[in-house]
Every structure is written in C-alpha cells, then in structure tokens.
Amino acid sequence: GISSVEYSEENEIKLLNETFISLKDQLDLHINNLSHKNKELEIIFKNFPGTISIHDLDYNVIMYNDSEFNYNLREDHSKCYDIFFGRSEICPNCPVVESIKTKEICNHIIKNKDKIYSISSFPVFDKDNNITEIIVHRSDITEKIVKDMERESSERFSAIGQLAAGVTHELKNNLSIM
C-alpha cells in the first residue's frame, strides 16, 4: 500500500510556515550578500583616484565622489558642466555627448581655466540595450602634461647642445688643419 498524508488545516499551516521560514532565510542571505557587495563598491567608489560620477542622459549628476573634496559622496542632481567646471552649458569636446550618440566608451582631454583633465565616459545599458546612465571618470592631468612638456623641452635643449658641440668640434678640426 501507498500511504497518503491526510489533509488537514494544521498540516497545511505547518507546510506554509516551513516554506515561509525557508524563503525568509534565502531572502536574508541575498540581502546580506547585496549589502556586502554594496560596501565593496562604495569602498572602490570612494577610493578610486580622480572623480567618478554617475550622470543621467540630461547631464545631471546623480552621484559622485571627488578626491578634491575628500571623496565625499554627494547627490546633487545638478548639471555636470556646472558642478565640475562652473559652466552654464555643455563643455566643448564632452565625451558624455559622444557616448550618448555612439553608445561607446569615449575619452577626451578638456582644458578648463588653468587645469587639464582627461575625461572618460562609460555608457550603462538596460536589458534592451538603451543607455540608462553614463559613468564618468575625470582625472586632473595638468601636472603630468607640464612635466612631459618640461622633459621634452629639456630633451630638445640637450639635442641642440649636442648639435652645437658637434658643430664646434668640426669647426675646430677644420681650423686646426689650416
């Protein structure tokens, strides 16, 4: 014989209770995992060199860290060109504009006042391949550019000095023959 479990309201309540407890335990585990991943991402976001910002498609900054301001996470919902460059309109050569048009990662150099920035934009897509947000990395490269220019200038002067020494040597050799 086949034994069958007798249906009773008490058995149904017990089964439902066990199912809810199991679902609650799974949900708690997922919440803990998400919380841990959120903390990891926040650490990365806060400590990444330069500025990382998340923009909507209207150039509003949803969130950013900024090393110039001790990595304070801020939620301004203000225009990126205003927050980061004090401008009233979109920056010329803005990589965000290009990322929105091309749906590709873009990198541009933008000069603002006495600073030079490398700015990269990374589109974020939904399941239908529509851009939902743009992640932007901004890095002040002014010091690097100045050092590179000084090094190049120094190398040019060194080459000119070597050329002048070579010419002087040749002139002396030709004069000593005469």
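The values are calculated or read from the model by the stated rules, or taken from the named source; none is laboratory data. Just so it is clear, the model here is predicted, and its values are computed rather than measured. Glycine gets a Cβ as well: all are built from the backbone with ideal geometry, and neighbour counts include every protein chain shown. Heads up: the accessible areas ignore ligands, DNA and RNA and are worked out on the full protein's heavy atoms, side chains in. Shrake-Rupley method; radii C 1.70, N 1.55, O 1.52, S 1.80 Å.
In table form, for the structure just shown:
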item: Scope segment 2-59; condition in a loop (DSSP other than H, G, I, E, B) and open to solvent by less than 100 Å² (accessible area, probe 1.4 Å); matching residues; result: 8, 48, 49, 50, 56, 57, 58, 59
item: Which numbered condition residue 149 fails, given (1) open to solvent by 100 Å² or more (accessible area, probe 1.4 Å); (2) within 19 Å of residue 94 (Cβ to Cβ); result: (2)
item: First in segment 107-134 and closer than 20 Å to residue 64 by Cα and without any contact (Cβ under 8 Å) to a residue 24 or more places away in the chain, second anywhere and of a type in the set (Val, Ile, Thr) and open to solvent by 70 Å² or more (accessible area, probe 1.4 Å), Cβ under 8 Å, 6 or more apart; result: 118/109; 122/105
item: Total residues in segment 125-143, condition more than 14 Å from residue 63 (Cα to Cα), under 12 Å from the mean Cα position of the chain (by Cα) and modelled with pLDDT of 95 or more; result: 0
item: Filter pass, residue 61 being modelled with pLDDT of 85 or more and in contact with a Lys or Arg (Cβ under 9 Å, 6 or more places away or on another chain); result: yes
item: Filter pass, residue 155 being in a strand (DSSP E or B) and not polar (S, T, N, Q); result: no
item: Count - residues of segment 95-114 that are over 12 Å from residue 54 (Cα atoms) and open to solvent by less than 80 Å² (accessible area, probe 1.4 Å); result: 10
